[in-house]
Amino acid sequence: MRATLYDPAAGKQRHFGNTGRRVDSVFPTMIQKRKLNHHGNAVVRVTFILPATLQADKIFLVGDFNQWQTNTHPFGRDGMGNWVFVLDLEPGETCQFRYLSDGVHWMNDTDADGFVENEHGTSNFVVVAQVEEG
């Protein structure tokens with residue numbers, strides 16, 4: 001089992017692999033939100049961005065919005081090589097999510113709006129489809 005936890009004191013994520021050995025690494029992430037009108041409906045477009053330096057063949061966004069299916073929402077690469085996925089949510093909607101790398105490595109996001117514990121003893125991260133005005 002592999003877990004990724006954010007250590008605020010160290011300012012980085014701590015990865016624990018099958019060996020129990022800790023590996024320190026920093027994966028800066030970004031979640032951008034903006035309101036827009038999509039086909040006559042108000043939505044909040046949430047863009048998840050992972051750094052180009054993240055080594056993986058495939059990364060998927062997995063969450064309650066897709067019933068935790070592990071292979072239906074793949075990230076693509078932008079012109080700078082960053083991993084990018086865009087999700088439209090209804091204003092005010094809250095969704096739990098995690099990233100899945102190469103079908104085996106779960107990754108969390110310290111840039112999320114919050115987190116909740118899950119039944120597996122780890123955390124799901126939360127994004128709220130809300131854009132602050134001003």
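The values are calculated or read from the model by the stated rules, or taken from the named source; none is laboratory data. Because the structure is a prediction, the values reported are computed rather than measured. Every residue, glycine among them, receives a Cβ derived from its backbone with ideal geometry; neighbour counts consider all protein chains shown.
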Looking at (1) modelled with pLDDT under 95; (2) touching a strand residue (DSSP E or B) at 6+ places or on another chain (Cβ under 7 Å); (3) closer than 25 Å to A129 by Cβ, find the lone condition where P51 falls short.
(2)
Out of everything in the stretch 85-116 that is among the aliphatic types (A, V, I, L, M) and buried (at least 18 other Cβ atoms within 10 Å of the Cβ), what residue ends up being nearest to K35 (Cα to Cα)?
L89
Tell me the residue from V127, V62, V131 that is within 13 Å of the chain's Cα centre (by Cα), under 15 Å from Q32 (Cα atoms) and aliphatic (A, V, I, L, M), please.
V127
Just checking, which of F97, F115, F85, F65 is without any contact (Cβ under 8 Å) to a residue 24 or more places away in the chain, outside any loop (DSSP other than H, G, I, E, B) and not small (G, A, S)?
F115
Condition met for A129 (of a type in the set (G, A, S), within 25 Å of A42 (Cα to Cα) and either surrounded by fewer than 18 Cβ atoms within 10 Å (Cβ to Cβ) or touching a residue at least 40 places away in the same chain (Cβ under 8 Å) (or both)):
yes
